[in-house]
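Let me begin by presenting the structure, written as structure tokens, before commenting on it.
The values are calculated or read from the model by the stated rules, or taken from the named source; none is laboratory data. Note that the structure is predicted; figures quoted are calculated from it, not measured. Here the Cβ positions follow ideal geometry from the backbone for every residue, glycine too, while neighbour counts run over all protein chains shown.
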Amino acid sequence: MTADITTKEYAADLDSKFPSHEDEFVIPTLGSLGAKAAKEDPSRADEKSLYFCGNSLGLMPKATEQAVQRELDAWKGRAVTAHFDHPTDHQWTTMDVPVADLLAPVVGAANPDEVSVMNTLTGNLHAMLSAFYRPSKGRYKILFENRAFPSDTYAFQGQVQLHGYSIEDGLIAMDPREGEYTLRTEDILNVIEKEGGSIAVVLFPGIQYYTGQLFDIATITKAAKAKGCIVGWDLAHAVGNVPLKLHDWDVDFAVFCTYKYLNSGPGAIGGLFVHEKFANDKRPRLAGWWGNRPETRFAMANEFDPSRGAAGFKMSNPTVISVACVRTSLEIINKAGGMDKLRERSLSMTNYLEALLKKSPNYISVEESAKYNGVEPKFTIITPQKPEERGAQLSLLFLPMGQGVMQRVFEHLEDHGAIGDERQPDVIRLAPNHLYNNHEQVRQLVQLVQAGLDL
């Protein structure tokens with residue numbers, strides 16, 4: 001007899017196999033969110049929300065509040081002297097060093113020298129392109145996806161223009177095939193094979209922000225390297241979401257933020273990976289004094305003496321409070337067994353979410369959605385169906401487009417304390433988080449999605 005996956009008992013059985021780390025986090029309540037359900041029934045004010053928006057902003061670890069307070073107390077009590085004489089076990093001048101130790105296994109670095117926290121994602125992207133995008137007469141193009149996050153697109157446009165090329169000539173922007181929502185690896189490889197001799201940099205997202213597609217980083221990197229291209233990755237939606245092996249895959253550089261799956265707070269500090277083969281590279285860069293070797297940094301010399309590895313690309317001293325936030329989250333990931341262990345739990349929850357959604361009478365396949373011209377509310381899942389081709393996130397496209405279906409469902413979710421996020425056109429992104437969500441919450445979320453469709 002086939003088990004009924006829609007039951008509370010089924011979800012509980014899955015949760016017994018994949019226990020949550022929810023107790024490490026502060027979960028917003030219906031009352032704190034101001035949800036309509038709590039206003040109508042005040043007895044529900046303390047009920048925990050269904051938070052499925054860690055792909056946009058991760059929840060706050062409980063340890064973060066104390067970690068931030070420690071730095072505020074150090075500032076209050078010791079002021080500038082805390083840079084070298086901190087009341088706890090670290091000083092401000094070196095407090096990002098243990099963060100690199102914790103971050104290295106999350107991105108698959110060979111050693112902590114390959115990673116660092118600094119700047120912001122887009123700032124780091126510009127820093128890397130300024131150092132690694134070295135256009136020549138025959139090789140000057142940047143290969144990327146046409147639906148990249150706008151900040152990436154603007155960075156690519158700015159970089160080619162700064163080097164005297166037009167956007168049209170300097171960029172190769174790839175689109176999915178007609179009727180499809182995601183790029184095929186084979187199509188990317190074909191472009192690399194055909195245009196590789198003219199491509200200076202290949203730079204795709206590890207996971208696409210709108211569709212949730214996980215790119216085949218290893219295969220694409222290998223093909224591009226074989227053609228002599230520099231290969232970078234924007235891992236904003238991949239770091240802390242899926243296991244990464246950046247060193248083993250021979251990725252030249254990668255940039256990422258820390259406020260999504262690394263739960264470090266809004267606008268938190270960015271991160272950087274630079275392959276070990278560039279550890280002692282002295283190429284020109286957007287240099288700053290914090291990228292100078294610590295041994296000579298305070299000599300205030302005019303000649304830049306870069307630190308080894310990724311740290312050599314730092315510009316200013318990192319924001320103390322932001323670094324404290326990153327560290328608390330990375331400590332939880334380490335305590336939970338690392339990314340391979342967390343990925344098992346993530347796959348279970350996202351697969352369960354997909355299976356429940358596909359039971360909806362309003363669900364249609366991607367192929368059906370391409371030719372749908374009806375008026376009844378429908379949705380499809382534009383995220384790849386193969387688990388190895390996606391992270392935690394599923395992107396639901398609501399039909400008919402432009403008719404307010406997505407907005408109606410999204411409002412219903414928010415009214416009942418279920419938090420995802422919307423992206424135009426007509427997509428709701430839902431991301432079960434392997435640290436603080438569980439299968440029962442997934443089950444409840446799908447019930448609310450269906451109720452929103454039935455309105």
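Assorted remarks:
- For segment 99-146, filtered to residues that are among the acidic types (Asp, Glu) and surrounded by fewer than 20 Cβ atoms within 10 Å (Cβ to Cβ), the residue that is nearest to the chain's Cα centre (by Cα) is 101.
- Scan of segment 120-160 for residues that are in a loop (DSSP other than H, G, I, E, B) and aromatic (Phe, Trp, Tyr), ordered by number: 133, 140, 149
- Qualifying residue in segment 395-416 (condition: hydrophobic (A, V, I, L, M, F, W, C) and within 25 Å of residue 216 (Cα to Cα)): yes
- Screening residue 131 on (1) within 29 Å of residue 395 (Cα to Cα); (2) out of contact with any strand residue (DSSP E or B) (no Cβ under 6 Å at 6 or more places or on another chain); (3) in the same structural domain as residue 243 (by TED's automatic domain parsing); (4) not basic (Lys, Arg) shows it passes everything except condition (1).
- Screening 421, 426, 415 for residues that are surrounded by fewer than 22 Cβ atoms within 10 Å (Cβ to Cβ) and touching a Phe, Trp or Tyr at 6+ places or on another chain (Cβ under 6 Å) leaves exactly one candidate, 426.
- The set of residues in segment 352-377 that are of a type in the set (A, V, I, L, M) and under 15 Å from residue 453 (Cα atoms) comprises 356, 357, 364, 375.
- Extreme residue, nearest to residue 396 (Cα to Cα), among residues of segment 189-216 that are among the small types (Gly, Ala, Ser) and assigned to a helix (DSSP H, G or I): 196
- Qualifying residue in segment 236-243 (condition: more than 13 Å from the chain's Cα centre (by Cα), in the same structural domain as residue 115 (by TED's automatic domain parsing) and under 20 Å from residue 111 (Cα atoms)): no
- Verdict on residue 397 being of a type in the set (A, V, I, L, M, F, W, C), out of contact with any Lys or Arg (no Cβ under 6 Å at 6 or more places or on another chain) and within 29 Å of residue 62 (Cβ to Cβ): no
- Contact annotation: residue pairs with Cβ atoms under 8 Å, 6 or more positions apart or on different chains, pairing a residue in segment 7-31 that is under 16 Å from residue 447 (Cβ atoms) with a partner that is modelled with pLDDT under 95 and surrounded by fewer than 12 Cβ atoms within 10 Å (Cβ to Cβ), are 10/3.
- Matching residues in segment 68-98 - criterion: being crowded, with 20+ Cβ neighbours inside 10 Å and touching a residue at least 24 places away in the same chain (Cβ under 8 Å): 71, 92, 95, 96
- Test: residue in segment 258-275 that is touching a residue at least 40 places away in the same chain (Cβ under 8 Å), farther than 27 Å from residue 423 by Cβ and in the same structural domain as residue 155 (by TED's automatic domain parsing): yes
- Of the residues making up segment 234-288, those that are of a type in the set (Phe, Trp, Tyr), under 24 Å from residue 211 (Cα atoms) and touching a helix residue (DSSP H, G or I) at 6+ places or on another chain (Cβ under 8 Å) number 3.
- All of 178, 186 fail the test of being closer than 18 Å to residue 229 by Cα, of a type in the set (Asp, Glu) and either at pLDDT 95 or above or outside any helix (DSSP H, G or I) (or both), apart from 186.
- Any hit, segment 182-197, residues being of a type outside the set (Val, Ile, Thr) and within 15 Å of the chain's Cα centre (by Cα): no
- Restricting segment 212-242 to residues that are among the polar types (S, T, N, Q) and surrounded by 23 or more Cβ atoms within 10 Å (Cβ to Cβ), the residue that is nearest to residue 123 (Cα to Cα): 241
- Any hit, segment 243-250, residues being crowded, with 24+ Cβ neighbours inside 10 Å and aromatic (Phe, Trp, Tyr): no
- Residue within segment 126-138 that is without any contact (Cβ under 8 Å) to a residue 60 or more places away in the chain and over 15 Å from residue 229 (Cβ atoms) present: yes
- Among the numbered conditions (1) touching a helix residue (DSSP H, G or I) at 6+ places or on another chain (Cβ under 9 Å); (2) farther than 28 Å from residue 65 by Cβ; (3) outside the structural domain of residue 122 (by TED's automatic domain parsing), the only one that residue 349 does not meet is (2).
- Flag if residue 37 is of a type in the set (Gly, Ala, Ser) and free of Cβ contacts under 8 Å to residues at least 24 places away in the same chain: no
- Every pair of residues 6+ apart whose Cβ atoms lie under 8 Å, when the first sits in segment 363-375 and is farther than 15 Å from residue 385 by Cα while the second is at pLDDT below 95: 370/179
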